[in-house]
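Only one structure is covered here, and it is reproduced in the block below.
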There are 2 protein chains.
Amino acid sequence: MGLRHAVLASLLDEEATGYELSKRFDVSVADYWSATPQQLYRELERLESDGLVHGRVVEQERRPNKRVFALTEAGREELHIFIAQPTRPTAMRDDLLVKLLAAGADDLGAVRKAFEERREQARNKLARYDRLRDRLLDGKSETAHLRDAKRVGPYLTLMGGRMYEQQNILWCDAVLDALDQRERSALTPDPGDRP
Amino acid sequence: MGLRHAVLASLLDEEATGYELSKRFDVSVADYWSATPQQLYRELERLESDGLVHGRVVEQERRPNKRVFALTEAGREELHIFIAQPTRPTAMRDDLLVKLLAAGADDLGAVRKAFEERREQARNKLARYDRLRDRLLDGKSETAHLRDAKRVGPYLTLMGGRMYEQQNILWCDAVLDALDQRERSALTPDPGDRP
DNA sequence: TCCCTATACTCACTTTGTTGAATAGGTGCG
DNA sequence: CGCACCTATTCAACAAAGTGAGTATAGGGA
């Protein structure tokens, strides 16, 4: 039931069409959730049949008609209930971990490449988060924002993503360092080594 | 195809029955992957019919017979191929993020509770990782281990998990601090505030 | 003796996520 | 003018992951 609540949360700020949501979940919300258009349209239909969102058709002249979905009272209530329920622990499920775990001597090159890519991605995300953060704070201080903003969630989740990517970069650095060390000690004709 | 490779990687060190794997994936490998027994039995069957693992029945006297699965050459090859393939970026998909994002003024108590729980879980995991680390290093230094060990994956993934949990704790601290600030500024009769 | 836990596995089902394509008008560019 | 891309959605089929219950045997403790 993950996507369900992610969609509801995404509709908290403003109503949206399936298409708009697919943009958010492809780029913006994808920071911590992703979904294809198909999933979103399906989820929206289910949410509507459960009465948690309400869609109205907006006729457009020069574009296909669209259905704009908004949260209902029941939808807001559902979010309250969801928030109050126990959170089950999340596993990482990152392919990169599996690759590193499984890597033998032959794979170190490929693993290095994978980690360099990951580090690059993490750096890009971090930069994006920093831009989003600046926009969100809009010149004000963090303290002021946390005091005055209607909802603190958007800022604090952003900080969560930011810290996650920073840690990610550090981990990639550590792994790449370790691989370097390996390579060097494999190359040097190691004099005093145990067979 | 996530579980598939996680299972293969788990069989790299030693063969196992579905039951044993379910233990690993419930506790140990669950550090970064989790699966129910049913998933594992199904996955093992698929892997066997694809020739990536091979199971042999071990007759037991005082226990039900069991099937012990081991990697085949094709299984090892599959892991090499997997490692060399591009890694697709992983989304976080953490309910806690959605909860925080969606939280309004009424939900701050519930959110606080959720974050305190998460922090506690993270601390426990961290402690477990530290124990595993000590066992893995077995008195040797990190440098020595990285130089001499057959595979560096187990240690480096452990360090990844460790860093992840440390960052998790810091994030929980930050969020809980922010919620505290909120509460205080909501309680104090704020004199010079904009309506 | 009875119940609980551990071993070892299976069946049936639902929910999620992924892939590929079809439809259909509009905008911008060279 | 044609071609690629953007808006906006739908259909069909499948693969992967998760849920819940059930079966059977054995050992240990109250």
Lysine pairs within the stretch A:36-176, Cα separation less than 24 Å, 8 or more sequence positions apart or different chains: 5
Residue of A:Asp148, A:Asp180, A:Asp50 that the Gaussian network model of chain A assigns the largest fluctuation, springs spanning Cα pairs under 10 Å: A:Asp148
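Summarise the partner chain shielding of B:153-162 as one whole number: the mean count of Cβ atoms from other chains within 10 Å of each residue's Cβ.
Details: counts 11, 3, 3, 11, 12, 1, 5, 13, 3, 1.
Across the residues of B:153-162, the mean count of other-chain Cβ atoms within 10 Å is 6.
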Geometric extent, Cα atoms of the stretch A:51-120 - Rg, Dmax (angstrom): 23.1, 62
Stokes-Einstein translational diffusion, the stretch B:65-176 - Kirkwood Rh over all Cα pairs, 0.890 mPa s, 25 °C, in µm²/s: 139 µm²/s
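With +1 assigned to the C-beta of every Lys and Arg and -1 to the C-beta of every Asp and Glu, and no other charges, what is the dipole magnitude of the stretch A:14-151 about the Cα centre in debye, to the nearest 20?
Numbers: 27 positive and 26 negative charges, 73 e Å.
About 360 debye.
So which trypsin sites (Lys or Arg not before Pro) in the stretch A:52-111 pass both tests, a DSSP loop state and at most 10 other Cβ atoms within 10 Å of the Cβ? Write out the running numbers ahead of the final one.
On the way: sites: A:Arg56, A:Arg62, A:Lys66, A:Arg67, A:Arg76, A:Arg93, A:Lys99; in loops: A:Arg62, A:Arg93.
For trypsin sites (Lys or Arg not before Pro) across the stretch A:52-111 that sit outside H, G, I, E and B with at most 10 neighbouring Cβ atoms in 10 Å, the list reads A:Arg62.
Using the alpha carbon gyration tensor of the protein assembly as shown, what are the three equivalent-ellipsoid semi-axes (square root of 5 times each eigenvalue), largest first, in whole Å? Numbers along the way, then the final one.
Numbers: eigenvalues 353, 144, 88 Å².
Value: 42, 27, 21 Å, ordered largest first.
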Inter-copy separations for A:Lys150, label at 7 Å along Cα-Cβ, nm, ascending: 6.0
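Rounded, prolate or oblate: which fits chain A when a ≥ b ≥ c are the square roots of the eigenvalues of the alpha-carbon gyration tensor, with rounded for a/c under 1.5 and prolate only if a/b beats b/c?
On the way: a/c = 2.59, a/b = 2.12, b/c = 1.22.
Taking the square roots of the gyration eigenvalues as a ≥ b ≥ c, chain A is prolate.
Over chain B, what relative contact order in percent results from Cα pairs under 8 Å that are six or more residues apart? Don't jump to the answer; show the numbers that get you there.
Numbers: 140 pairs, mean separation 32.7, N = 195.
It rounds to 17 percent for chain B.
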Axis-nearest residue in chain B [Cβ, rotation onto A], distance in whole Å: B:Gln167, 2
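Just from its helices, what would the mean residue ellipticity at 222 nm be for chain A, if runs of 4 or more DSSP H residues each count -39500 (n - 2.57) and the sum is divided by every residue, rounded to the nearest 500 deg cm²/dmol? Mind dumping the intermediate values first?
On the way: 8 runs with 123 residues, N = 195.
Only helices count here, giving -21000 deg cm²/dmol.
Read-outs: derived from the displayed coordinates by stated rules, not from any lab. These numbers were taken from a predicted model, which means no experiment stands behind them. Neighbour counts are summed over all protein chains in view; Cβ atoms, including those assigned to glycine, are modelled from backbone coordinates with ideal geometry.
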